[in-house]
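No lab work stands behind these numbers, since they all come straight from the coordinates. None of these values were measured; they are calculated from a predicted model. Using ideal geometry, Cβ is built from the backbone for each residue, glycine included, and neighbour counts are taken over all protein chains shown.
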Amino acid sequence: PKLPDDVAVAALDDSGVIRKMYKRTFQRALGPNATVLIAGETLRDVETFADVVINADPPFDIVLLDNYLDFPGNDVTGADIAADLRKRDHRGSTVFIRSANNSAHDVDH
């Protein structure tokens, strides 16, 4: 199914490679009226992401979250952000959580 031309997507990922992939993919796949926010370059992006999503007008249709956000001093995960959105009764977005971590700990758990 094709997404609407005016779809709004917000993505949070700490990986520059993934952010670049999102940008290229969304530019090719979405219409010219799409709204795209790609964040995760800084710890501040992580800290403010839920507020940005909640306050978006119009709301984001799709939110993509990296689960493991690797910043010094950060203990917030994408799952934590999704839980915060739910706790704050945010219903405007479909939220997806992804992870590419493959450390021994992650694989075993």
Q: Only Lys, Arg, Asp and Glu count, each charged at its Cβ (+1, +1, -1, -1), so figure out the dipole size of the chain about its Cα centre, rounded to 20 debye.
A: 460 debye
**Q.** FRET efficiency, R28 to D89 (Cβ-Cβ, R0 41 Å, nearest 0.05)
**A.** 0.75
Q: Towards the positive end of the charge dipole of the chain, with charges on Cβ (+1 Lys, Arg; -1 Asp, Glu), say which of P32, G73, A50 has the farthest Cα.
A: P32
**Q.** Alpha-carbon Rg with Dmax, taken over region 1-64, Å
**A.** 11.7, 35
(Q) Under the rule of at least 5 residues apart or a separate chain, name every residue whose amide H is placed under 5 Å from the amide H of V95. (A) V63
Q) What are the residues whose amide H is under 5 Å from the amide H of I38, where those residues sit 5 or more places off or on another chain and H is modelled from the backbone? A) A11
(Q) Under the 0.36 nm per residue contour assumption, what length would be gained going from the current alpha-carbon distance of V52 and S15 to full extension? (A) 11.4 nm
Q) So how tilted is helix 16-29 from the main axis of the chain? Cα-based, degrees 0 to 90, rounded to 10. A) 20 degrees
Q: Name the residues whose placed amide hydrogens come within less than 5 Å of the amide hydrogen of A8, ignoring near sequence neighbours (fewer than 5 apart) on the same chain.
A: T35, D61, I62
Q) Across all directions of projection, what mean area in square nanometres is found for the Cα convex hull of the chain? A) 7.7 nm²
Q | Rounded to 5, the percent of DSSP beta bridges in the chain classed as antiparallel | A | 5 percent
Q: Using Cα positions and a limit of under 21 Å, work out the lysines in reach of K2, with same-chain residues fewer than 8 apart set aside.
A: K23
Q: Evaluate the distance, in nm, between pseudo-label points positioned 7 Å from the Cα of I97 and of D70 along their respective Cα→Cβ axes.
A: 1.9 nm
Q: Before rounding to the nearest 500, sum -39500 (n - 2.57) across all DSSP H runs of length at least 4 in the chain and divide by the residue total; then give [θ] at 222 nm in deg cm²/dmol.
A: -11500 deg cm²/dmol
